[in-house]
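Here the structure is laid out as structure tokens; the discussion comes afterwards.
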Amino acid sequence: MDRTRSTLIRGGVVLPMNGARLAHDPGSVLVVDGRIAAVGPVEAVAAHPAADHVPVVDASGHAVLPGFHNAHLHSGLLRGTAESLALWEWLERHVDPAHRALTPDIAEAASYLAYTEGLRGGTTSVLDMWRFMEGSARAAEEIGIRATLAPYTADRFDWFESLESNRRLLETHRRSADGRVRAWVGLEHLLYCSERMFREAAALAEEFDTGLHTHSSETRWEVEECVRLYGRRPIAEFEARGILGPRTVVAHAVWLDDDEIEILARTGTAITHCPCSNMKLSSGAAAVGLYRQRGVVCALGTDGEKENNNLDMLEEMKFASLLQKLSTQDPTTGDPWDILAMATRDGARALGLDDVTGSLEEGKDADVVTVDLRGVRFVPVLRGADFNVAAHLVFTASAHDVADVWVQGRRLVQRGVVVSVDDTAVAARAQAAAEELFDRRRSLTLG
Ligand SMILES: [Zn+2]
């Protein structure tokens, strides 16, 4: 037995997120060699033959749940510098010039930062759209997080990745680091990419038997522009271009009509809801409750540091719930259990990882998070008919309350401290990289 990947997480409020609205309280999770060997009430798990032979972590006073899938983010270094603009002007003024100034080393520092921040807050899996992603792969490998890498590719501007560089990433990282790091095909956006590029991207994903990630239907303007240019709304246009299916994840999907919801459901295409970004850029409110009812797999994502301004999935859950309640004026939507499902099992499903992770079930990889419920903010914690821990997780908890994080059974965060990398060094490197990025951007703009 590998004792570095075997643990008895004992005595917490265990939410397996296995499809039932169920908690074991007090419950335990037994991890043997990186996989979940047993989940259930404390006594039942203690009876497992391996339970006496593994290190024990006392989880009393903690919620224990599957790790979060941040199913849409961008590594980046623009936090707090690109404020109070709507999407398209914001892209032109801040984001595109930063892309022009980016170097592989700066990009790698940004991925180290994003994955460390995510992991510290309970994110065990990211779908990152970024550039020079060999560096992102190195960051994910060292930090220990799961990463699905979808480069920002586009052919209407020359500062993005190309399908050639995406191909090189697929050749080395289609599946690396024991399957923790995977490369997908990325397409920045319908309006950034030619029709030919879409066809070639679909063929590339097919050739490498892998997934595809893009943005769409984030603003009303962009939907109208698509109709003007191509005579169809974006999701219908995507279907015509052959990129939809169970291994495609579309970020945002705010402005969908009934036909587009039906297309997503019929093709098994998942979306990633990014409520904070959608609010901050005044993009709109995706009707996620309706999408889910109609059978669309809906994951949750923070989007980037520049449009959020953090990568806190617990905070994102609260936004997801509140935005549904506000936009529908129906307080019964945005139920905490549904929101938790979006962040865990539905995220795994969107990413095609639901065979290996997304819930605490025997045989799955041990991607586990504990959240410390002992602070004054969580009083009272109640059981039985008054059970309120799902609501605490969605409405009260934030990244700071995450205590422990395991990925494939390795304990990467220990009592609030990231142990797989030195987070002070990660922050210092990213600070220096950001200063270099801003200097380069300034000289490019002036030059
Ligand atoms: Zn995005």
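The values are calculated or read from the model by the stated rules, or taken from the named source; none is laboratory data. All figures in this text were calculated on a predicted structure; none of them were measured in a lab. Here the Cβ positions follow ideal geometry from the backbone for every residue, glycine too, while neighbour counts run over all protein chains shown. SASA here: full protein model, heavy atoms, side chains in, ligands and nucleic acids out. Shrake-Rupley method; radii C 1.70, N 1.55, O 1.52, S 1.80 Å.
What the table below lists for this structure:
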quantity	calculated
Solvent accessible area, Å² - residue 24, 1.4 Å probe, full protein context	30 Å²
Relative contact order for the chain, counting Cα pairs under 8 Å that sit 6 or more residues apart, in percent	21 percent
Per-residue SASA entry for residue 439, accessible area with 1.4 Å probe, Å² rounded to 10	90 Å²
Fluctuation leader among 258, 355, 128 - the chain, Gaussian network, Cα springs under 10 angstrom	258
Exposure of residue 125 as accessible area (Å², to 10), given a probe of 1.4 Å and all protein chains	0 Å²
Proximal lysines to residue 280, defined as alpha-carbon separation beneath 30 angstrom and excluding residues fewer than eight positions away on the same chain	306, 318, 325
Stretch gain in nm, segment residue 400-residue 93, where the contour uses 0.36 nm per residue and the Cα spacing is subtracted	107.3 nm
Carbon and sulfur %, accessible surface of segment 256-354 computed with the full protein complex present, 1.4 Å	49 percent
Relative contact order %, segment 317-447, counting alpha carbon pairs below 8 Å whose residues are six or more apart	17 percent
About the Cα centre, charge dipole magnitude for segment 254-403 (Lys/Arg +1, Asp/Glu -1 at Cβ), debye	400 debye
Spin-label model distance (nm) - residue 379 vs residue 332, 7 Å beyond Cα toward Cβ	3.5 nm
Rg over Rh [alpha-carbon atoms, Kirkwood Rh] for segment 212-315	0.95
Segment 320-418 - Debye-derived log10 I(q)/I(0), Cα point model, q = 0.10, 0.16, 0.20, 0.25 Å⁻¹	-0.33, -0.85, -1.18, -1.30
Two-decimal Rg/Rh across the chain, once Rg and the Kirkwood Rh are taken from alpha-carbon atoms	0.96
The chain - share of DSSP beta bridges that are antiparallel (%, nearest 5)	45 percent
Projected-area average for segment 172-259 over all orientations - Cα convex hull basis, square nanometres	6.1 nm²
Per-bin percent of Cα-Cα distances, segment 31-175 [10 Å]	10, 32, 27, 15, 11, 5, 0
Contour excess over end-to-end distance, with Cα ends at residue 386 and residue 81 and 0.36 nm allotted per residue	105.4 nm
Helix axis angle, 195-207 relative to the chain longest principal axis, alpha carbon, degrees	40 degrees
Candidates 241, 146, 196, ranked by Gaussian network fluctuation over the chain, Cα under 10 Å, top entry	196
Hydrodynamic radius by Kirkwood, which averages 1/r over all alpha carbon pairs of segment 260-390, in angstrom	16.0 Å
